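The values are calculated or read from the model by the stated rules, or taken from the named source; none is laboratory data. Owing to the predicted nature of the structure, the values given are computational and were not obtained by experimental measurement. No Cβ is skipped: glycine too gets one built from the backbone with ideal geometry, and neighbour counts run over all protein chains shown. Calculation scope for accessible area: heavy atoms of the full protein, side chains included, ligands and nucleic acids excluded. Shrake-Rupley method; radii C 1.70, N 1.55, O 1.52, S 1.80 Å.
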Amino acid sequence: FFVYPTLFTDKKDPAWNADIHREDLRENVINQSVKYQASAFAAAGNLYVPFYRQSHYKIYVSPHNKEEEKSRTLAYSDVKAAFQYYLEHYNNGRPIIIASHSQGSIMCGMLLQEFFDGTPLQKQLVAAYVPGIKYTDQDFKSLKKMETPLATGGYVSWNTYKRNHYPSNYDKWYKGGTTSNPITWDASDKTDASLHLGVLNADGKIYPKALSIERIDGMIWSTVPNIPKRFFLSFVKSYHFADINLFWKDIEKNAQDRV
């Protein structure tokens, strides 16, 4: 069950037509988020993708927006309804992987707290992959970060940045957060490119041994991936947009191993 934010469309746009834009958004989610990210989990089981009303990016950035809680509650209500429908019609007692990214990981954290954390459903949880946001064990009662590649019943999370760079909001958004190693899935702080299974690139190809990483407090530092057009990536500091793509093949194998 994979949660990833849908693309935001502004209703103030004079070209807005709800029905047309809704179909455009669905196509974008299928052809982008599902194709390049959710697909990492498809080999581990059936893939269920909820569509939901996403909060605008500005809701989550400074200055603090007074509508943040209301917007987040609305977005989560869609995710919750989709998950309840999944449980009632599709799960049939099967093991569950919860996977997400960025705002989707905020939604998944709320889902984990309500449906899994200290509940009977936790026994069905293979793993929660919630990169792109800051989580710690203090965010949950029973769910713990998993620090071995075959552990089950907990969560993994990471945020990726270019090596030797820090974001301006590091102290607030990253420092102290759970930082899993998305190549070895253990406590290794440095991992050589020889162990990297592969980036899923925009050309649809897998590029193995393309990067090495280092875990620091709250973040993964990555070398510039050795993929086509890497020159342009050398100017990019935040790899947030590629938290899953960079480790696509590593995630695919690990999801299967945990199942």
inquiry  = I need every pair where a residue in region 171-184 that is surrounded by fewer than 19 Cβ atoms within 10 Å (Cβ to Cβ) has its Cβ under 7 Å from the Cβ of a residue that is β-branched (V, I, T) and at pLDDT below 95, sequence separation at least 6 or different chains.
reply    = G176/T136; G177/T136
task = May I ask you to list pairs of residues, at least six apart or on different chains, whose Cβ atoms are under 7 Å apart, with the first in region 201-223 being among the basic types (K, R) and the second being open to solvent by less than 30 Å² (accessible area, probe 1.4 Å)?
result = K209/A193; K209/H196; R215/T179; R215/N181
query = within 19 Å of P131 (Cβ to Cβ), in contact with a strand residue (DSSP E or B) (Cβ under 9 Å, 6 or more places away or on another chain) and polar (S, T, N, Q): does that describe N245?
reply = yes
ask   = Hey, any hits in region 130-145 for a residue that's part of a strand (DSSP E or B) and open to solvent by less than 50 Å² (accessible area, probe 1.4 Å)?
value = no
task = Collect the residues in region 51-71 that are within 21 Å of F241 (Cβ to Cβ), touching a residue at least 12 places away in the same chain (Cβ under 8 Å) and of a type outside the set (G, A, S), keeping them in residue-number order.
result = F51, Y52, Q54, H56, Y57, I59, Y60
Matching residues, region 223-237, being surrounded by 13 or more Cβ atoms within 10 Å (Cβ to Cβ) and among the hydroxyl-bearing types (S, T, Y) = T223
remark   = Flagged in region 77-91 as over 12 Å from M110 (Cβ atoms) and aliphatic (A, V, I, L, M), in numbering order, are A81, A82, L87
